[in-house]
Each structure stands twice: as C-alpha cells, then as structure tokens.
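Participant: Sharing a structure here in structure tokens format.
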Amino acid sequence: QVQLVESGGGLVQPGGSLRLSCAASGGIFSILTMGWYRQAPGKQRELVATFTTGSSTNYADSVKGRFTISRDNAKNTAYLQMNSLKPEDTAVYYCNAVLRTTMGTDYSYWGQGTQVTVSS
C-alpha cells in the first residue's frame, strides 16, 4: 500500500533550524509532484514549497530564502530544510505527493503531518 511517512518535526527556538523528511513507499511507479504544506491553528492549509512537473520548484513568499525543498530519488524521499525559523512558522506540516502507482493510476497522497513549534 502506498504511504507517505513524515518525520523531523519538533520544538526549536527562533532562528533555529529543522529538516523535515517525507518518505514514499509502496507500489509506486513514479513521483509526479511532491511538496510541503502547513496549517496553523485557525488558519487554512497553505503551500510552503513544492516540486512540480519537470522538477521546478515553487515557494511561498513567506519562506523564500529560508526554506529549501530537496529530494533523494534513490530513497523516494523529499526534504524540507528550514532555517532562520520564526514563531509564525509554527504549524503542522504535511507532505503531499501525486504518485503514479504500479496499477497505472495517478493519485494525490498526504502524509500524517508533523508538528513544528518555534518558540523561546
């Protein structure tokens, strides 16, 4: 069964860094898109950073210059390196991927979410 498993969240001080990981497993033929979203209390889920078709990247204006999305194709894993963290980055971060399965279907999958808290 296809799964996205997230890790790397936690509590950090303002100005600190975290790296989130999102590992895809199961009957995956190819990864079409992969990215990160976040949802803070009382707010809508928003895009943070994504790979799009063709491996181009897209970042929210609020994280440009601080966050970097990357991937390890051999491990089917995406990463989100978060530097210079601010309290307003506090949210549950979700990995998302559009995957082509070995059954020949394309589908959007979500990870379970990982909490990032930036506080002194």
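The values are calculated or read from the model by the stated rules, or taken from the named source; none is laboratory data. Quick caveat, the model's predicted, so the values are computed rather than measured. All Cβ positions, even for glycine, are placed from backbone atoms using ideal geometry, and neighbour counts span all protein chains on display.
Participant: State whether one or more residues within segment 78-88 are part of a strand (DSSP E or B) and over 12 Å from the mean Cα position of the chain (by Cα).
Facilitator: no
Participant: Name the residue, out of Gln44, Gln39, Gln3, that is more than 17 Å from Thr114 (Cβ to Cβ) and exposed (fewer than 15 other Cβ atoms within 10 Å of the Cβ).
Facilitator: That would be Gln44, the only listed residue that is more than 17 Å from Thr114 (Cβ to Cβ) and exposed (fewer than 15 other Cβ atoms within 10 Å of the Cβ).
Participant: Within segment 74-108, can you find the residues that are modelled with pLDDT of 95 or more, over 13 Å from Ser7 (Cα atoms) and among the aromatic types (Phe, Trp, Tyr)?
Facilitator: Within segment 74-108, no residue meets the criteria.
Participant: Check segment 52-66 and report whether any residue there is surrounded by 13 or more Cβ atoms within 10 Å (Cβ to Cβ), among the aromatic types (Phe, Trp, Tyr) and in contact (Cβ under 8 Å) with a residue 24 or more places away in the chain.
Facilitator: no
Participant: Evaluate segment 20-41: report whether one residue or more is part of a loop (DSSP other than H, G, I, E, B) and modelled with pLDDT of 95 or more.
Facilitator: Yes, because at least one residue in segment 20-41 is part of a loop (DSSP other than H, G, I, E, B) and modelled with pLDDT of 95 or more.
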